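Read the figures in this text as sums done on the coordinates, not as results from a lab. In this text, all values refer to a predicted model and were calculated from it rather than measured experimentally. So basically every Cβ, Gly included, is an ideal-geometry build from the backbone, and we count neighbours across all protein chains shown.
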Amino acid sequence: MAMANPDPEIIPEEAIEAGAKVVATGRSDYPNQINNVLGFPGIFRGALDVRASDINEPMLIAAAQALASLVSSSELNEDYIITTPFDLRAMPTEAVAVAKAAIESGVARSPTNVESIRMRTQELTQIIRERYAKTRDLWQRAGERI
């Protein structure tokens, strides 16, 4: 797993040639992108929704396990070990797991129904996607006029 960005410690092609079966990088132009954009939104949403006093190791482990749960055993292969940042399930699944871990580890100052966190995060995710699509369309139309 070569995480340096934009130039990983080893290019995936070289890693595979050297015998690696699974390769991941921080880059979006290769499979298995490991990037903070997968972690931060869900971690912060879950922590904020329960007013966590800290982001602790159990919360981070819960976030990682939540992301891992989004790839089924039938989908798992060398080029797909982690979901993508565009997976609409990522942030809600991760936020719920982080909130539960915060509650269970005692750092949640405002424990709440985690299902309400899932629903609100799904709504927020959809709003973000819609706004992104509108912005993308505006940029495309602007580019056509230049």
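Output wanted: per-residue J couplings in Hz (rounded whole) for the range 33-47, from phi through Karplus 6.51 cos²θ - 1.76 cosθ + 1.60, θ = phi - 60°, x for Gly and Pro.
Karplus-based 3J(HN,Hα) across the range 33-47 equals 6, 9, 9, 5, 5, 7, x, 4, x, x, 4, 5, 4, x, 5 Hz.
Would you work out the charge dipole size for the range 35-145 about its Cα centre, treating the Cβ of every Lys and Arg as +1 and the Cβ of every Asp and Glu as -1, and quote it to the nearest 20 debye? Working shown, then result.
On the way: 13 positive and 14 negative charges, 119 e Å.
Magnitude of the dipole: close to 580 debye.
Put a dot 7 Å past each Cα toward the Cβ at Ile61 and Arg89; how far apart are the dots in nm?
2.3 nm
Each residue of the range 117-133 in order: what ³J(HN,Hα) in whole Hz does its phi give by Karplus 6.51 cos²θ - 1.76 cosθ + 1.60, θ = phi - 60°, with x for Gly and Pro?
Result, rounded to whole Hz: 5, 4, 5, 5, 5, 4, 4, 4, 4, 5, 4, 4, 4, 5, 5, 4, 4.
Determine, from the Cβ-Cβ distance of Asn36 and Arg141 and an R0 of 25 Å, the FRET efficiency 1/(1 + (r/R0)^6), rounded to the nearest 0.05. Please list the in-between numbers first.
On the way: r = 31 Å, r/R0 = 1.23.
Between Asn36 and Arg141 the formula returns 0.20.
I want to verify a result. In a Gaussian network model of the chain, Cα cutoff 10 Å, which of these has the top mean-square fluctuation: Gly19, Gly42, Gly106?
Gly19
For the chain, just run the numbers: alpha carbon Rg, then divide by 2.2 N^0.38 Å, N being how many residues it has. Walk me through the numbers on the way to the answer.
Numbers: Rg = 17.8 Å, N = 146, 2.2 N^0.38 = 14.6 Å.
After normalising by residue count via 2.2 N^0.38 Å, the value is 1.22.
Explain nothing, just compute: Karplus ³J(HN,Hα) = 6.51 cos²θ - 1.76 cosθ + 1.60, θ = phi - 60°, for every residue of the range 88-94 in order, whole Hz, x for Gly and Pro.
Along the range 88-94, the couplings run 5, 7, 4, 4, x, 5, 5 Hz.
Out of Pro8, Ile43, Ser116, whose Cα points farthest toward the positive end of the dipole of the chain (charges: +1 Lys, Arg; -1 Asp, Glu; placed on Cβ)?
Ser116
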